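Please read the structure below before turning to the comments.
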Amino acid sequence: MRFRTRHGRLLASIAAAGLLLAGCGTGPSQAGAAAIVGDTRIPVTEVQSWFGQVLDKEPGLRPQLRQQGQLDELGRQLAAQLVREELVEQTARAERLVVTDQQIDDLINQMGGPQAATAGKIYTPQNIREMVRTRLLTTELGRRYFDRLSVTFDFTQATTRREAQEKAQRMAQGPDSAAALVDADVRAGIPAGKDRRLRAADSPQMAATTPLFGARPGTVLAFEPEPHSGQWLVVLVKERRTDEAPTPAAGGADDQTLQRVGTYLLGITADEVGVRLSPRYGVWDPVNLTTAPNENETTGFRLHVPATSS
């Protein structure tokens, strides 16, 4: 098992007021581990160290978070960032993605320098280079695949979390069960369909805001395209291609869109290597690749059709 020794790298800025404390709640399932990503162990001490750095940088933060009951939330967010960082590292190695020191310097300068880039954020001037490196790698991952990605899927809709979970479980029983569910929903007047094909380059907003393109064939996803809308999309990914003929569309996608696409593509790596989160930080949310306080507060569901049913 590989052990991390460096400080965490971040994918996106998070306002300090929205974060919480490390080390509260139930102990980790494996002593001393905040999370295990594949064969890499992220120690609890790494989360705690970063947490201390945040408080040192923002002296008024601890009483503010304590008053708001948000201390635990900070720990969860930091743990989530460290897991995503490790997913980026493993993906970058597999994809042979490289960023240069000059690229890192240029982006930090565009952000106004280390102090300006970290003001009001959980980053510090000491780890800003690591954060920027991770951001650039995620953007390059999105750029590499954006105009070559397509998925074919069956889908239906639900209006409650419970209904979405039940439909996802039915779809995960196999293609026949998924087809029967879709047919029944169509007859009931519910928006649903089979064998729909979608290219990321044709739908950049969907590619940048949903996990649809970051799922392997045989994956069932249930999520709200618009958070808290009460409208759930339940999808069985039947085919995922990365060899579509390139189009000029990728050139029209800005770096922010490509970074978001790249972030969702980390779902492929997370599925392949596995993510185990210490209960002290809640549960791993496999849809938005983050942490949640408990299983009832994840952003959705990610299930897999058994290989024998494919």
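The values are calculated or read from the model by the stated rules, or taken from the named source; none is laboratory data. The structure presented is a predicted model; accordingly, all values stated were derived computationally and were not measured. Cβ: placed from backbone, ideal geometry, glycine included. Neighbour counts: every protein chain shown. Ligands, DNA and RNA are excluded from the accessible area calculation, which covers all protein heavy atoms including side chains. Shrake-Rupley method; radii C 1.70, N 1.55, O 1.52, S 1.80 Å.
Here is a check on your reading of the model: is ARG216 open to solvent by 50 Å² or more (accessible area, probe 1.4 Å), in contact with a helix residue (DSSP H, G or I) (Cβ under 7 Å, 6 or more places away or on another chain), of a type outside the set (A, V, I, L, M, F, W, C) and modelled with pLDDT of 95 or more?
Yes, satisfied.
Restricting attention to segment 90-123, report how many residues are assigned to a helix (DSSP H, G or I) and without any contact (Cβ under 8 Å) to a residue 40 or more places away in the chain.
As a first pass, look at segment 90-123 and keep what is assigned to a helix (DSSP H, G or I): 90-95, 101-110, 114-118.
Among the residues that remain, those that are also without any contact (Cβ under 8 Å) to a residue 40 or more places away in the chain are: 93, 101-110, 114-117.
The total comes to 15.
Can you spot a residue in segment 64-78 that is within 20 Å of the chain's Cα centre (by Cα), under 18 Å from ALA270 (Cα atoms), assigned to a helix (DSSP H, G or I) and of a type in the set (D, E, K, R)? First the steps, then the outcome.
If we filter segment 64-78 for residues that are within 20 Å of the chain's Cα centre (by Cα), which is where we start, we get 72-78.
Subset that is under 18 Å from ALA270 (Cα atoms): 76-78.
If we keep only those that are assigned to a helix (DSSP H, G or I) as well, we get 76-78.
Adding the requirement that they be of a type in the set (D, E, K, R) leaves 76.
Looking for residues that are within 20 Å of the chain's Cα centre (by Cα), under 18 Å from ALA270 (Cα atoms), assigned to a helix (DSSP H, G or I) and of a type in the set (D, E, K, R), one finds at least one in segment 64-78, hence yes.
Looking only at segment 37-60, filter to residues that are buried (at least 21 other Cβ atoms within 10 Å of the Cβ) and either charged (D, E, K, R) or in contact with a Leu (Cβ under 8 Å, 6 or more places away or on another chain) (or both); which one of those is farthest from ARG276 (Cα to Cα)?
VAL54
Considering only residues that are open to solvent by less than 30 Å² (accessible area, probe 1.4 Å) and either more than 11 Å from THR134 (Cβ to Cβ) or touching a His at 6+ places or on another chain (Cβ under 6 Å) (or both), which ones fall in segment 72-96? Spell out how you get there, then give the answer.
Filtering segment 72-96 for residues open to solvent by less than 30 Å² (accessible area, probe 1.4 Å) gives 74-75, 78-92.
Those that are open to solvent by less than 30 Å² (accessible area, probe 1.4 Å) and either more than 11 Å from THR134 (Cβ to Cβ) or touching a His at 6+ places or on another chain (Cβ under 6 Å) (or both): LEU74, GLY75, LEU78, ALA79, ALA80, VAL83, GLN90.
Take residues that are farther than 25 Å from ASP72 by Cα and open to solvent by 40 Å² or more (accessible area, probe 1.4 Å) and tell me which of the strands (runs of 3 or more DSSP E) falling wholly in segment 261-306 contain 2 or more. Step through it out loud before you land on a result.
Details: elements: 275-277, 283-285, 290-292, 300-304.
Answer list for segment 261-306: 300-304.
Kindly indicate which of ASP154, ASP147 is farther than 20 Å from LEU87 by Cβ and assigned to a helix (DSSP H, G or I).
Of the residues listed, the single one that is farther than 20 Å from LEU87 by Cβ and assigned to a helix (DSSP H, G or I) is ASP147.
For residues in segment 97-147 being more than 30 Å from LEU55 (Cα to Cα) and in contact with a Leu (Cβ under 7 Å, 6 or more places away or on another chain), which is most open to solvent (accessible area, probe 1.4 Å)?
For segment 97-147, the residue satisfying everything is ARG143.
Which residues, taken from segment 111-157, are modelled with pLDDT of 95 or more and more than 22 Å from THR269 (Cβ to Cβ)?
The answer is ASP154, PHE155, THR156, GLN157.
Are any residues in segment 61-70 closer than 21 Å to GLU295 by Cβ and surrounded by 17 or more Cβ atoms within 10 Å (Cβ to Cβ), and if so, which ones?
Scanning segment 61-70 gives a single hit, GLN70.
State all residues of segment 228-249 that are under 19 Å from ASN296 (Cβ atoms) and open to solvent by 80 Å² or more (accessible area, probe 1.4 Å); if no residue qualifies, say none.
Once the filter is applied, which keeps residues that are under 19 Å from ASN296 (Cβ atoms) and open to solvent by 80 Å² or more (accessible area, probe 1.4 Å), segment 228-249 yields HIS228, GLN231.
Those residues that are open to solvent by 50 Å² or more (accessible area, probe 1.4 Å) and modelled with pLDDT of 95 or more, I need them from segment 164-175; list them, please.
Of everything in segment 164-175, those that are open to solvent by 50 Å² or more (accessible area, probe 1.4 Å) and modelled with pLDDT of 95 or more turn out to be GLN165, GLU166, GLN169, ARG170, GLN173.
Only one of (1) assigned to a loop (DSSP other than H, G, I, E, B); (2) buried (at least 20 other Cβ atoms within 10 Å of the Cβ); (3) not polar (S, T, N, Q) is not met by LEU258, so which one is it?
Of the numbered conditions (1) assigned to a loop (DSSP other than H, G, I, E, B); (2) buried (at least 20 other Cβ atoms within 10 Å of the Cβ); (3) not polar (S, T, N, Q), the odd one out for LEU258 is (1).
With a cut-off of at least 1 residues that are more than 20 Å from the chain's Cα centre (by Cα) and in contact (Cβ under 8 Å) with a residue 40 or more places away in the chain, name the strands (runs of 3 or more DSSP E) lying wholly within segment 162-243.
Of the strands (runs of 3 or more DSSP E) lying wholly inside segment 162-243, those with at least 1 residues that are more than 20 Å from the chain's Cα centre (by Cα) and in contact (Cβ under 8 Å) with a residue 40 or more places away in the chain span 193-199, 232-241.
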